[in-house]
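Step one of this worksheet: look at the structure below.
Nothing in this text is a laboratory measurement; each read-out follows from the coordinates by a stated rule. Since we're looking at a predicted model, the values are computed, not measured. Quick reminder, even Gly has a Cβ in these numbers, built from the backbone with ideal geometry, and neighbours come from all protein chains shown.
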């Protein structure tokens, strides 16, 4: 019988962040339709400025630092 490896915390965080990114992009597109002429980057900044850092981002930065990767 083949065992299934459970994803690591880092893998799960990356999956969640990917999902969040697609949700944010969909919201940016919806707001952009209602606000012609406003750049998507500005809309994105306004939507995400409420939480510039989260525990997931902090964890991933720490893991990169531990691995000697640039943060």
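Below are the figures for this structure:
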{"quantity": "Principal-axis tilt of helix 55-66 within the chain, Cα atoms, nearest 10 degrees", "calculated": "50 degrees"}
{"quantity": "Distance (nanometres) between label positions extended 7 Å along Cα→Cβ at residue 15 and residue 47", "calculated": "2.3 nm"}
{"quantity": "Most fluctuating residue given options 28, 20, 38, as computed from a GNM of the chain linking Cα atoms under 10 Å", "calculated": "38"}
{"quantity": "Helix 9-34 vs. the chain, principal-axis angle (Cα, 0 to 90°, nearest 10)", "calculated": "10 degrees"}
{"quantity": "Sequence-separation-based contact order of the chain, relative, with Cα cut under 8 Å and 6+ spacing, percent", "calculated": "22 percent"}
{"quantity": "Helix-derived mean residue ellipticity, 222 nm - over the chain, DSSP H n ≥ 4, -39500 (n - 2.57), to 500", "calculated": "-22000 deg cm²/dmol"}
{"quantity": "Label-point separation, residue 26 to residue 8 (7 Å along Cα→Cβ), nm", "calculated": "3.0 nm"}
{"quantity": "Estimated FRET transfer efficiency (residue 34, residue 64; beta-carbon r; R0 35 Å; 0.05)", "calculated": "0.40"}
{"quantity": "Gyration tensor verdict on segment 9-66 (Cα atoms; rounded if a/c is under 1.5, prolate if a/b is larger than b/c, oblate otherwise)", "calculated": "prolate"}
